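The values are calculated or read from the model by the stated rules, or taken from the named source; none is laboratory data. Small disclaimer: the values here were computed from a predicted structure and weren't measured. We place every Cβ from the backbone using ideal geometry, glycine too, and count neighbours over all the protein chains shown.
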Amino acid sequence: MLAADRELTLKGSLFFTHPSIFVYMRKRQDLLRSASHFFDLVKGGVIKINVNQRYALADAAQAHLDLESRRTTGSSILLP
């Protein structure tokens, strides 16, 4: 048992979980419908995705180094 689990148990049977998409999307049809809705929101500007770094595909190694060293924020993309 982890220390955090013990602490929560001592405070009255509290617990924490690690939710997974598979708990909510058991059928492929549900996943596709949800993904379509999400991308419609992105296309409509309701959800904004910040792309703060762009790397040429040839610079993929540098992109990995930057990610590993925590020199990135937001999303990073590789471009052909």
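Summary of values
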quantity: Total residues in region 59-75, condition exposed (fewer than 11 other Cβ atoms within 10 Å of the Cβ) and part of a helix (DSSP H, G or I); calculated: 2
quantity: Residue among Leu14, Leu8 that is modelled with pLDDT under 80 and part of a loop (DSSP other than H, G, I, E, B); calculated: Leu14
quantity: Qualifying residue in region 45-53 (condition: more than 30 Å from Tyr24 (Cα to Cα) and not β-branched (Val, Ile, Thr)); calculated: yes
quantity: Region 17-58: number of residues that are modelled with pLDDT under 95, of a type outside the set (Val, Ile, Thr), within 30 Å of Leu78 (Cβ to Cβ) and loosely packed, with under 11 Cβ neighbours inside 10 Å; calculated: 8
